[in-house]
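See structure below.
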Amino acid sequence: MIGIVFYNLIVLAFMLFILRKLPLRYVLVILSVILACLNIRFAPFSLVEYLYALLDTPSVMSVLFASYYIAVFALRNRKITHKPPLSLGVQILYVLFGLYLYLSALGIAFVDIYFIDCPIKLVILCGFAFVLYLCNHLAGYMLLIALVCYMARLLGEIDVMSYCIDVLLWAYCVCGVIWHITKNTMHPQHPNNLL
């Protein structure tokens, strides 16, 4: 059940991102209609339940990033002085991390992270959190929150990697990196603006 709530939160953040240029009254009406349609049972299950069955439980990191975006949208009249947690550097790190996890699951990488002991996974993820922290402080803190959620078993007995990365987050980061590369190829900027 918590996965369905998480997917509603992620869809809400994604729709807010798409509709951010519209006036607030239109955004609220469109969001209400979309969330209602996602949760109405057309067949034995609703659309969000089908999404949950297809992709399994979203990671805590996806939910934290979505919650951050919803909070920024709600406080859009205030000036925010830090970089967003899904900056280009964080997206590149997540693309590389997800690619390594995928290759290790296929048996192509040196070490299959899924088959090593949990304390070693936690050390690897703490190192990844440190690298994320160096790239973006907020993203590093969010990964530490995801690890605390794992210790509290918020999502039950799933692997610690599933708390930190999922298919949606990885696909979003891949699309973000590709979009940034194509945007900079068409409209070059100063090289220091990449990260």
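Checked against the criterion of being modelled with pLDDT of 90 or more and closer than 22 Å to residue 17 by Cβ, segment 109-131 contains not a single residue that satisfies it. Specify the residue that is surrounded by the most Cβ atoms within 10 Å (Cβ to Cβ); the eligible residues are those in segment 39-55 that are of a type in the set (Gly, Ala, Ser) and under 15 Å from residue 6 (Cβ atoms). Within segment 39-55, the match that is surrounded by the most Cβ atoms within 10 Å (Cβ to Cβ) is 46.
Does segment 128-138 contain any residue that is under 23 Å from residue 14 (Cα atoms) and open to solvent by 40 Å² or more (accessible area, probe 1.4 Å)? Within segment 128-138, one or more residues are under 23 Å from residue 14 (Cα atoms) and open to solvent by 40 Å² or more (accessible area, probe 1.4 Å). Scanning segment 162-180 for residues that are surrounded by fewer than 20 Cβ atoms within 10 Å (Cβ to Cβ) and either in contact with a Phe, Trp or Tyr (Cβ under 7 Å, 6 or more places away or on another chain) or of a type in the set (S, T, N, Q) (or both) yields a single hit, 162.
Is it true that some residue in segment 141-154 is modelled with pLDDT under 90 and open to solvent by 40 Å² or more (accessible area, probe 1.4 Å)? Yes, the conditions are met somewhere in segment 141-154. Please work out which residue is least open to solvent (accessible area, probe 1.4 Å), limiting yourself to segment 73-103 and to residues that are closer than 19 Å to residue 145 by Cα and aliphatic (A, V, I, L, M). So the residue we want is 90.
The values are calculated or read from the model by the stated rules, or taken from the named source; none is laboratory data. For clarity, every value in this text was computed on a predicted model and none was experimentally measured. Cβ coordinates were reconstructed from backbone atoms using ideal geometry, including for glycine residues, and neighbour counts include every protein chain displayed. SASA here: full protein model, heavy atoms, side chains in, ligands and nucleic acids out. Shrake-Rupley method; radii C 1.70, N 1.55, O 1.52, S 1.80 Å.
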